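In what follows, a structure is listed as structure tokens, so that the remarks can point back to it.
The values are calculated or read from the model by the stated rules, or taken from the named source; none is laboratory data. Remember, it's a predicted structure, so these values are computed and weren't measured experimentally. Don't worry about glycine lacking a Cβ; one is built from the backbone with ideal geometry, like all the others, and counts go over all protein chains shown.
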Amino acid sequence: MQTIERSVAAPRTRAPQRVHRYGERPGIAYLFLSPWVVGALLLTLGPMLASLYLSFTDYDLFTTPSWVGWENYRTLFTDDPRFITAIWVTLRYVFISTPLKLAAALAVAILLNRASRAQGFYRSAFYAPSLLGASVAVALVWRVIFRDWVASPDYALLVVAALAVWQFGAPMVIFLAGLKQIPQELYDASAVDGAGWWRTFRSVTLPMLSPVIFFNLVLETIHAFQAFTGAFVISGGRGGPVDSTLFYTLYLYERGFSQFRMGYASAMAWILVLAIALVTAVLFRTSRMWVFYAGDEAR
Amino acid sequence: MRRRAVPRALALLAVGALLGVTAACGGGDDAGSTGGGPVTIRFDWWGNPDRAEVTEKAIDLFEQKNQNIKVETSYAEFNAYFQKLATQIAGGGAPDVLQMDYRYVREYADRGVLADLGSGASKVDTSGVTQQLLSGGTVKGKLYGIPPTQNTQVFSYDFAQWEKSGAAAPKDGWTWADLKAAAQKVSDSSGGKVRGIADLGGIEDWFEVWLRQQGKTLYSDDGTIAYTAADVARWWEMTDGMRRSGAATPAELTAKMDGSQANDPVTQKLASAGFGYDSGFTAKSWEIAGRELKLAPFPSDTGKLGQYAKPAMMFSISQASKQKEAAAKLVNFLINDLDAGKILGMSRGMPANAQVREAVGGTLTGPPQVGFQYEQTVGPKLEPAPPPPPKGAGTVKATFQRVYDDVIFQRTSIQQAADKFMSEAQKAITT
């Protein structure tokens, strides 16, 4: 605990000076920011706008796109049963994998929060699967280990979800940092009041941790909507068997790169962006009911 | 402090400018090296490690003979190869020489991606290749792909196991019912551990042979679908019947078949026979399969064989290539050079160039020799290849396999699946 307090306290002593210096020359900040600003404009915003345009065209990757208006969007919602399948598969995956992953991350974080000499080792060990997270190799190994389940339309999706849950390292580290921030006095006080473990968890840990839970929930939900690698590798790129692992992104990829219908795929990408924005907005709305920010009550 | 900020900002700008310059240099490289000096070309293809070994050897020989040309190669499995290729071409990074499939050549040619191999810098000597094969790479009168080899459909089986099970070996004029009976015997005598045959129902290629046996084709000359949902349903009735009776592989195993050796039930010794192309047999085939296989023509109920001499694959040159001459030299070498032919052997099928074929024929041993002999015996009965299929044919093939999964996992009735397939296939061809 000591080291953390020091690292938190350290910048505070120098902070006022710095603010003053930056305030004097705002230009230099933008100069330092410029590589990222340029990157964001050229590599993210530019392609996004391009894909927005393409989503209103018929574009086969090689020849000039031709304008078709809302045609791609219309076909998606009225004449493409696999699009609907892909939405259901993705929603099921989000609802299965996200809560399980957060629960696993929180459980392990609580275990690791106890002072122990080997803490550093355990923390690294539990984080390791996430380091390998995006790697194709892990998904390949997963595919071999669970080969009998992967081949079944009833279980294939669960295998992909299990792979995601297993990679709980990132939210775990964030939970761990959040747990360390909960003041010891609160635990001392609840101990004095005679609260048991469960009561302390419910009345101290969870409310104090709720902003971190919220943060992880938003992040992991967005990740789950965009899941691709695991499903691609485990299903051999086909989303099978019987479209049971036809993730939204997988179908998008198939339309764009196997069938050369990039305009159509772009429309799908924009629907995904809007869907994620909507879900995130809903999460933020509901967060008012359950997320507790320490210090708010002072206002 | 204020004074020092300006030089710092300038230094940063200078670094940025430098980066810009280096980027510009990177882009300028290709243009600078066209004249005389050494050039590097890229050659991408699909295949397995076995084919990679001999291809690398042939490329080494080519580089020896052409000291000023360096060849970079890369390969992948069929499906992955075409996904990567599309991305590369769209991004302006197409390989100079690429392996092209009969099913995709019209699609790519129509989109202006391939160079004409009959004229200009990319002209290749095709005098050794029969016109019948070249027509497979010809779109609207121009040559966009040259087949280095031809192949044809083949049935291969573990003859030792068939004998042991008392299954009748395929002979001239055998029928689909004969196949089912033999496969059933293998399954029964192994207690279901080894199935008689790897389920063939989802592969459009084998459906095509069956269609042709009845005088029909996949596509009409104007590029529309030439069969009906009833045809598909009858085919699936037959193949799914073999699955239901246990003669063919169960759904879980069939769904994993993706064209790779690793997921082939025959290689895994979970099935004793399967359909394929005779270009698939390389020096290590028996080693990989763990046993020797024998080859036979397709069964047929009509007396018509339905198989045809197919351009096993083609070599094409990308229209965007800046090194068309060097690329044409490589294609020429791979197709016409006798030494290259001997190195490559049957790894891509039987050589299309008559002289190369003769030279190769004498040098073969093991599985390639078996393939070569099969090709020689069945040769006279083969029909000429149909014209290259229309745009979207690749999607139709993928759809055929995907919808067949519905059948074997019993998600819908066969008739419903056939109707669903037809409506998706029509959409893929017309849009």
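Restricting attention to segment B:376-427, which residues are β-branched (Val, Ile, Thr), within 14 Å of chain A (Cβ to nearest Cβ) and surrounded by 18 or more Cβ atoms within 10 Å (Cβ to Cβ)?
Of everything in segment B:376-427, those that are β-branched (Val, Ile, Thr), within 14 Å of chain A (Cβ to nearest Cβ) and surrounded by 18 or more Cβ atoms within 10 Å (Cβ to Cβ) turn out to be B:THR395, B:VAL396, B:THR399, B:VAL403, B:VAL407, B:ILE408.
Report yes if some residue within segment A:53-65 is closer than 30 Å to B:GLY392 by Cα and touching a Leu at 6+ places or on another chain (Cβ under 9 Å); otherwise report no. Yes; the residues of segment A:53-65 include at least one that is closer than 30 Å to B:GLY392 by Cα and touching a Leu at 6+ places or on another chain (Cβ under 9 Å).
The set of residues from segment B:95-126 being in a helix (DSSP H, G or I) and of a type in the set (A, V, I, L, M) comprises B:VAL105, B:ALA109, B:ALA121. Where helices (runs of 4 or more DSSP H) fall entirely within segment A:120-218, those with at least 2 residues that are modelled with pLDDT of 90 or more are at A:156-166, A:169-181, A:184-192, A:197-200.
Regarding A:ALA109, is this residue touching a residue at least 24 places away in the same chain (Cβ under 8 Å), part of a helix (DSSP H, G or I) and surrounded by 14 or more Cβ atoms within 10 Å (Cβ to Cβ)?
Working: touching a residue at least 24 places away in the same chain (Cβ under 8 Å): yes; part of a helix (DSSP H, G or I): yes; surrounded by 14 or more Cβ atoms within 10 Å (Cβ to Cβ): yes.
Yes.
In segment B:244-259, of all residues being within 14 Å of chain A (Cβ to nearest Cβ), of a type outside the set (A, V, I, L, M, F, W, C) and in a helix (DSSP H, G or I), the one that is surrounded by the most Cβ atoms within 10 Å (Cβ to Cβ) corresponds to B:THR254.
For (1) farther than 21 Å from B:MET238 by Cα; (2) buried (at least 23 other Cβ atoms within 10 Å of the Cβ), each residue gets a yes or a no:
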position	(1), (2)
B:GLY274	no, yes
B:TYR277	yes, no
B:THR282	yes, yes
B:TRP286	yes, no
B:ALA289	yes, no
B:ALA296	no, no
B:ASP301	no, no
B:LEU305	no, no
B:PRO311	yes, yes
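Please work out if B:LYS185 is farther than 29 Å from B:GLY379 by Cα and of a type in the set (Lys, Arg). Against the criterion (farther than 29 Å from B:GLY379 by Cα and of a type in the set (Lys, Arg)), B:LYS185 qualifies. Can you pull out the residues in segment B:174-209 that are of a type in the set (Ser, Thr, Tyr) and either at pLDDT below 95 or in a helix (DSSP H, G or I) (or both)? Across segment B:174-209, the qualifying residues are B:SER187, B:SER189, B:SER190. Of all residues in segment B:350-365, those satisfying the criterion of being farther than 13 Å from B:VAL129 by Cα and in contact with a helix residue (DSSP H, G or I) (Cβ under 7 Å, 6 or more places away or on another chain) are B:ALA359, B:VAL360, B:GLY361, B:THR363, B:LEU364. Taken together, B:ALA262, B:ALA167 contain a single residue that is free of Cβ contacts under 8 Å to residues at least 12 places away in the same chain, under 26 Å from B:GLY280 (Cα atoms), in a loop (DSSP other than H, G, I, E, B) and hydrophobic (A, V, I, L, M, F, W, C), which is B:ALA262. How about segment A:1-102: which helices (runs of 4 or more DSSP H) wholly inside it have at least 3 residues that are modelled with pLDDT under 80? Hits in segment A:1-102: A:2-24. Scanning segment B:393-401 turns up no residue that is assigned by TED's automatic domain parsing to the domain that holds B:PHE281 and not in a helix (DSSP H, G or I).
If you check B:LYS123, B:LYS84 for being out of contact with any Lys or Arg (no Cβ under 8 Å at 6 or more places or on another chain) and either within 14 Å of another protein chain (Cβ to nearest Cβ) or without any contact (Cβ under 8 Å) to a residue 60 or more places away in the chain (or both), only one passes: B:LYS84.
Conditions tested, residue by residue: (1) β-branched (Val, Ile, Thr); (2) within 30 Å of B:LYS65 (Cα to Cα); (3) part of a loop (DSSP other than H, G, I, E, B).
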| position | (1), (2), (3) |
| --- | --- |
| B:LEU295 | no, no, no |
| B:ASP301 | no, no, yes |
| B:LYS304 | no, no, yes |
| B:SER321 | no, yes, yes |
| B:ALA328 | no, yes, no |
| B:ASN332 | no, yes, no |
| B:GLN355 | no, yes, no |
| B:VAL370 | yes, no, no |
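Being touching a residue at least 12 places away in the same chain (Cβ under 8 Å) and surrounded by fewer than 17 Cβ atoms within 10 Å (Cβ to Cβ) is the requirement here; does A:ALA177 meet it? Considered against the rule, which asks whether it is touching a residue at least 12 places away in the same chain (Cβ under 8 Å) and surrounded by fewer than 17 Cβ atoms within 10 Å (Cβ to Cβ), A:ALA177 comes out as yes.
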